[in-house]
Amino acid sequence: MLPIREIKPKNARTKRFLDNKGPQITENPRTTLFLRYTTCSDILQLVLADLYALKRPLAVKFSKKNNIHPFEDPSSLEFFSEKNDASQMVFASHSKKRPHSLTFVRFFGFKVLDMIEMSVETETMRTLAQFKNAKAAVGLKPLLSFSGSAFESPTANAYTLAKSIFLDLFKGPDVQNIDVEGLQYMIHFSVDEDDSEEVKPMIHMRCYLIKTKKNPNSTTPRVEVEEMGPRIDFKMGRIKEAEPDMLKEATRKPKGQEPRTKKNVETDIIGDKVGRIHLGKQDLSELQTRKMKGLKRSRDVADDEEAFAGAEDEVVFDPAKRSKVEV
């Protein structure tokens with residue numbers, strides 16, 4: 001891995017610019033750059049337009065052709081990333097060997113972290129315009145759902161990488177609170193359960209509008225979904241995994257962000273806070289109890305008990321001394 005070039009600031013203005021451009025404790029929302037190759041089919045251009053519509057306003061789309069081969073020489077991609085301050089990229093290309101291909105790229109420090117190439121199935125592809133219904137407003141965060149055992153594999157593979165990239169691509173900015181009225185659409189990704197090793201199962205992308213309607217039998221509204229597009233099926237292609245050193249640096253958590261742990265305070269699976277209190281050894285003889293008149297002893301009873309206790313003598317049985325019995 002080539003070392004990341006460091007620029008030493010010569011004055012305070014340059015230092016402020018580099019500090020603002022460098023890694024932050026709280027990162028700005030991720031911008032996605034949409035580019036195309038010198039040859040790009042009409043279907044890919046429609047797919048780029050629909051993905052760009054879902055990503056707005058955190059997206060930049062270029063219509064100029066670019067002679068770039070991401071897996072051979074990613075230097076041009078890194079130049080576009082640094083120039084536009086974009087941490088993600090979608091590159092569309094079409095060739096006889098790899099038709100209708102989309103390459104999803106992630107960057108770290110304006111260097112390529114990882115990438116995955118997928119081809120679009122043209123027969124099942126449907127655009128946003130082909131669904132004649134309402135669309136979600138611009139800038140809303142979608143609900144993301146994944147179904148399929150390939151996404152939940154314990155070992156890293158192409159599908160776990162695709163899931164990670166799709167999460168970063170569509171999750172939007174980080175927020176503290178979410179208004180329920182803002183949950184207007186959902187993006188669902190599913191993988192076929194295919195056991196054949198020769199043909200990899202496709203990834204199906206579906207987008208649904210979320211509608212809430214009154215439920216006559218309950219106060220909870222009834223939730224319905226309606227497909228709004230786009231409808232895209234992806235075939236797996238080439239992948240480039242992140243290098244271990246670069247991935248470790250990219251996933252490192254900054255200091256001061258982790259919440260301070262409080263001693264003897266835990267949170268259970270329901271979300272309730274449970275505390276543990278440690279007490280010293282208690283002397284129960286000094287325990288203050290509730291006084292009741294019925295439990296008090298009179299002075300005469302106490303004196304009789306003391307006299308009876310002093311009058312008791314120990315009786316020792318001697319078997320040698322036998323009592324005389326009169327005949």
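With every protein chain kept in place and ligands, DNA and RNA left out, what is the accessible area per residue of the range 29-250? Probe 1.4 Å, answer in Å².
55
Relative contact order for the range 29-250: what percent, with Cα pairs under 8 Å and sequence separation of 6 or more?
21
Could you check the simple spin-label distance between LYS262 and GLU27, using points 7 Å along Cα→Cβ, in nm with one decimal?
Label-label distance for LYS262 and GLU27, simple model: 3.1 nm.
List the residues of the range 160-183 whose backbone N lies under 12 Å from a point placed 7 Å from the Cα of VAL223 along the Cα-to-Cβ direction.
180-181, 183
For MET186, what accessible area in Å² do you get when you roll a 1.4 Å probe over the heavy atoms of the protein chains, rounding to the nearest 10?
It works out to around 40 Å².
Could you state the per residue volume, in Å³, of the convex hull enclosing the Cα atoms of the range 29-250?
159
Any chance you could look up the accessible area of ARG30 with a 1.4 Å probe, heavy atoms only, rounded to 10 Å²?
The accessible area of ARG30 comes to roughly 100 Å².
Specify which residue in the list MET246, GLY229, LEU161 is farthest towards the positive end of the charge dipole of the range 153-258, using unit charges on the beta carbon of Lys, Arg (+1) and Asp, Glu (-1), about the Cα centre.
The listed residue farthest towards the positive side: GLY229.
If the range 50-104 were replaced by its equivalent ellipsoid, with semi-axes equal to the square roots of 5 times the Cα gyration tensor eigenvalues, what would those be, largest first, whole Å?
Here the semi-axes work out to 19, 16, 9 Å.
The values are calculated or read from the model by the stated rules, or taken from the named source; none is laboratory data. Note that the structure is predicted; figures quoted are calculated from it, not measured. Don't worry about glycine lacking a Cβ; one is built from the backbone with ideal geometry, like all the others, and counts go over all protein chains shown. Just the protein is used for accessible areas: all its heavy atoms, side chains included, with ligands, DNA and RNA removed. Shrake-Rupley method; radii C 1.70, N 1.55, O 1.52, S 1.80 Å.
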